[in-house]
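Note sheet for the following structure.
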Amino acid sequence: MSGGEELGRLAAEQMLDFFVKTLGPVVYNQAVEDCRKLMLERMSALEDDFYTLEQPLAQHRRSGL
């Protein structure tokens, strides 16, 4: 393409197909990795919340427990 040339519809579709095939897996894998990190962060926060809900145990003298 030289200056000012318009891209024809077929050429545009072929270019789009090329980019989807080439970059699609990279973008998809990055999205999966981002979701994995987000889920790990949320699971960690949820675990912290569960520890917060625990009740303290009274200190008992050794009475068989």
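Every read-out reported here was derived from the displayed coordinates using simple, explicitly stated rules and does not represent laboratory data. These numbers were taken from a predicted model, which means no experiment stands behind them. As a convention, Cβ positions derive from the backbone with ideal geometry for all residues, glycine included, and neighbour counts pool all protein chains shown.
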Between residue 9 and residue 34, what is the spin-label point distance in nm, taking each point 7 Å from the Cα along the Cα→C-beta axis?
3.3
Projected area, mean over directions - segment 9-65, Cα convex hull, nm²
6.8
Looking at segment 1-59, which GluC sites (Glu not before Pro) are in a loop (DSSP not H, G, I, E or B) and have at most 10 other Cβ atoms within 10 Å?
5, 6, 54
What nm distance separates the two modelled labels at residue 57 and residue 18, each placed 7 Å from Cα along Cα→Cβ?
6.7
